[in-house]
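The values are calculated or read from the model by the stated rules, or taken from the named source; none is laboratory data. On a predicted model such as this, the values are computed, not experimentally measured, just so you know. When we count neighbours, we look across all protein chains shown, and the Cβ atoms used for this are built from the backbone with ideal geometry, even at glycine. Quick note on the areas: whole protein, heavy atoms, side chains included, nothing else; ligands and nucleic acids left out. Shrake-Rupley method; radii C 1.70, N 1.55, O 1.52, S 1.80 Å.
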Amino acid sequence: HAPGIFCEGEEPYIRHGLIGGKLLRDEGYIRHAQVCERHTGTGLTKEQIERQHLPLPADICYEPLELEEKVVCYADKFYSKSRPDTVLTVLEAAQSLEKFGVEGVKKFLSWAEMFE
């Protein structure tokens, strides 16, 4: 549920990767489920989940580890949820991550070097 980005539903938006992962896992797509679960932000650590009291089970890995997970996570940052017709530049995407902390920005910029 995030009306500001045109999402209506019962669950908090932060859970969309977890919910998508469950749908894929139920269909037998384990690797695809992991990609889905690990694309939020630049990945979420157990410490972030606990510190921010996010409504996510802390026993699941939400950090992109494999190349496929990283490239999907990276690509996702270029598309604004509030302005779906806009594609961000690397700089704009990095700036949009600043509010979540410097570590995510550093990770994103390392992916920019890897993928660009």
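So which of Lys22, Lys81, Lys70 ends up being at pLDDT below 95 and of a type outside the set (S, T, N, Q)?
Testing whether each residue is at pLDDT below 95 and of a type outside the set (S, T, N, Q) leaves just Lys81.
Restricting the stretch 55-74 to residues that are touching a Phe, Trp or Tyr at 6+ places or on another chain (Cβ under 9 Å) and touching a residue at least 40 places away in the same chain (Cβ under 8 Å), which is nearest to Val90 (Cα to Cα)?
Step by step, filter the stretch 55-74, then rank; the result is Tyr74.
Please list, ordered by residue number, the helices (runs of 4 or more DSSP H) wholly in the stretch 4-116 having 2 or more residues that are in contact with a helix residue (DSSP H, G or I) (Cβ under 6 Å, 6 or more places away or on another chain) and surrounded by 13 or more Cβ atoms within 10 Å (Cβ to Cβ).
Where helices (runs of 4 or more DSSP H) fall fully within the stretch 4-116 and carry at least 2 residues being in contact with a helix residue (DSSP H, G or I) (Cβ under 6 Å, 6 or more places away or on another chain) and surrounded by 13 or more Cβ atoms within 10 Å (Cβ to Cβ), they are 16-26, 30-37, 67-76, 90-97, 102-115.
Note down all Cβ pairs under 9 Å where the first residue falls in the stretch 15-31 and is closer than 17 Å to Pro64 by Cβ, the second is open to solvent by less than 100 Å² (accessible area, probe 1.4 Å) and aromatic (Phe, Trp, Tyr), and they're at least six residues apart or on different chains.
Gly17/Tyr62; Leu18/Tyr62
Residues Leu97, Leu44, Leu24, Leu91: which one is more than 23 Å from Trp111 (Cα to Cα) and not β-branched (Val, Ile, Thr)?
After applying the criteria, what remains is Leu24.
In the stretch 76-116, what residues are of a type in the set (A, V, I, L, M, F, W, C) and under 24 Å from Leu54 (Cα atoms)?
Residues satisfying the conditions are Phe78, Ala93, Ala94, Leu97, Phe100, Val102, Val105, Phe108.
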